[in-house]
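J.: There's a structure below that I have some questions on.
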Amino acid sequence: MAAEETPEGSSWQEIDSPPFKQAVSDLRFVNISIKCYEKKTGSGFKEEYYAYKILAILSKTDGDETEPSSSSRTRYETWRRYSEFEMLRNFMQFVYPHVVMPPLPEKAIRGSANLLNKITFSGEDVEFLLQRQHALEIFLVRISRHPVLSKNVWFHEFLKTVSWKEKLLQSGYNGKGSETLFQSLSLQLSKHGPDSRFQDAKAYATDLDTILRTILEIRQKLNSSMTSLYKVHSNYGRIFNEMSLVEDKLGTPLQVASGCLDNYADSSDSYFNEEESRFYLPIKEYIGFSESLKSLTRRHEVLQKQLEKAEELVSSRAESRNTLLKNNPEEGGTGGKKFSFKSLSARLRGEDISYEGQKATAERELTDAEEALTDIQKEFDEFTRDALQELENFNDQKFGDFRSMLINYVQLQLHIHKKGMTTWQRIKDGFETEN
């Protein structure tokens with residue numbers, strides 16, 4: 001494993017919060033894969049967990065170089081447990097709230113290609129662990145291909161540095177994202193009205209989730225029928241073999257038929273494995289993406305609400321200042337001198353409650369509110385701009401992924417049906433050649 005390179009002396013805010021975002025611009029990923037998983041024992045109470053071995057090959061680029069030489073490539077191997085993947089995703093979402101963040105696999109995956117009954121796999125299931133390994137690899141590859149996420153220095157450290165988690169926590173990051181806050185806020189309808197572009201994205205995410213879950217339900221029924229079909233072929237093979245023992249003239253073609261049917265039935269594992277990787281897991285990933293879309297629109301709603309509150313505060317501060325100016329004692333006003341608990345508290349704190357003092361305070365509060373509004377407006381505008389671009393990029397990605405997924409699925413169905421046709425054609429030929 002290559003020597004560790006860490007951003008020593010920098011906090012996560014300094015590296016990844018504007019205006020201190022630090023990008024790794026001279027490196028690119030040649031390959032990222034998860035080679036295997038392994039049960040490990042933690043410290044303390046001898047906690048057992050599964051860790052995944054990540055192989056990352058990074059290459060330094062030089063200007064317009066399109067194909068770096070092998071000498072510029074560096075290979076890194078690290079072990080990461082699932083909770084560290086969660087921490088990476090939470091961190092990236094916190095730093096880049098406008099991104100449709102690639103989803104992580106579920107902690108427990110319901111349903112399977114081969115086990116069709118609805119059960120929840122535990123951490124001990126080999127099939128569950130293999131599915132998770134595959135999905136975690138896709139998660140890392142998604143980040144490595146993202147134009148912004150791929151350059152984040154802490155993502156590179158995740159792939160390179162054994163003590164990545166400890167260093168990130170020591171830098172000040174608390175290990176959590178801001179999704180909990182967004183989910184807990186109760187948002188009222190915006191007085192400006194919701195942004196139709198984000199409302200459309202939110203509605204689409206809901207529809208996409210429903211459609212994909214319905215597809216998985218249909219898939220489960222189809223795979224159940226396919227399992228029965230393979231069992232029927234296996235039973236035919238057994239019966240034809242028994243029949244060949246009692247039928248002299250048809251013995252040979254019956255044995256050929258038995259072998260063909262057994263071979264066809266034995267191909268079931270290959271079919272289900274291919275179907276799982278080409279169809280089931282991509283659909284599961286995009287169910288996760290639908291949740292990411294909903295989260296993005298939720299963050300936009302929160303920022304819009306914060307912007308409206310800032311506007312209301314400026315309006316309130318301006319009204320208070322204007323009311324005070326109307327009561328200018330030099331123009332016959334009261335100068336704001338009337339009893340209130342607020343003025344009494346201010347007097348007890350030693351604050352200047354004279355007209356000029358109140359005027360200065362009102363001007364300062366209005367200025368502070370206007371500056372805060374400017375900052376929030378800038379953040380809102382930047383988020384909206386970046387999020388809309390992200391949605392456009394996501395739609396392009398989704399089109400390519402769905403197209404490839406459906407083509408692969410159709411090809412798989414054609415392959416399995418051609419295999420069935422070939423099997424029965426060989427059986428037919430065997431009977432026809434027997435005189």
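J.: Can you find, within segment 383-435, the residue that is surrounded by the most Cβ atoms within 10 Å (Cβ to Cβ) among those that are touching a residue at least 60 places away in the same chain (Cβ under 8 Å) and charged (D, E, K, R)?
T.: In this case the residue turns out to be GLU390.
J.: Right, here's the next one. Which of the residues belonging to segment 251-274 are touching a residue at least 24 places away in the same chain (Cβ under 8 Å), hydrophobic (A, V, I, L, M, F, W, C) and either in contact with a Pro (Cβ under 7 Å, 6 or more places away or on another chain) or closer than 12 Å to ILE427 by Cβ (or both)?
T.: Within segment 251-274, VAL256, ALA257, CYS260, LEU261 qualify.
J.: List the number of the failed condition for LYS294; all other conditions in (1) more than 21 Å from PHE380 (Cα to Cα); (2) under 17 Å from the mean Cα position of the chain (by Cα); (3) not aromatic (Phe, Trp, Tyr) hold.
T.: Evaluating LYS294 over (1) more than 21 Å from PHE380 (Cα to Cα); (2) under 17 Å from the mean Cα position of the chain (by Cα); (3) not aromatic (Phe, Trp, Tyr) leaves (1) as the failure.
J.: When ARG238 is evaluated against the numbered criteria (1) more than 28 Å from LEU406 (Cβ to Cβ); (2) touching a Pro at 6+ places or on another chain (Cβ under 9 Å), which criterion, by number, is the only one it fails?
T.: Among (1) more than 28 Å from LEU406 (Cβ to Cβ); (2) touching a Pro at 6+ places or on another chain (Cβ under 9 Å), ARG238 violates only (2).
J.: Still on this structure, I have one more. Inspect all residues belonging to segment 345-356 and state whether any of them is among the acidic types (Asp, Glu) and either at pLDDT 90 or above or part of a helix (DSSP H, G or I) (or both).
T.: Of segment 345-356, the ones among the acidic types (Asp, Glu) are 351-352, 356.
Next cut, either at pLDDT 90 or above or part of a helix (DSSP H, G or I) (or both) only: 356.
Within segment 345-356, one or more residues are among the acidic types (Asp, Glu) and either at pLDDT 90 or above or part of a helix (DSSP H, G or I) (or both).
J.: Within the bounds of segment 66-78, is there any residue that is exposed (fewer than 14 other Cβ atoms within 10 Å of the Cβ), modelled with pLDDT of 90 or more and polar (S, T, N, Q)?
T.: no
J.: All but one of (1) surrounded by 13 or more Cβ atoms within 10 Å (Cβ to Cβ); (2) at pLDDT 95 or above hold for GLU371; which doesn't?
T.: The number of the failed condition is (1).
J.: If a residue counts only when it is farther than 30 Å from GLU432 by Cα, which helices (runs of 4 or more DSSP H) contained entirely in segment 184-300 have at least 1 such residues? Give the steps one after another, and end with the answer.
T.: Working: elements: 196-244, 251-266, 268-275.
The qualifying helices (runs of 4 or more DSSP H) are 196-244, 268-275.
The values are calculated or read from the model by the stated rules, or taken from the named source; none is laboratory data. Nothing here was measured: the structure is a model prediction, and the numbers come from that model. Heads up, the Cβs are rebuilt from the backbone with ideal geometry, glycines too, and the neighbour counts pull from every protein chain shown.
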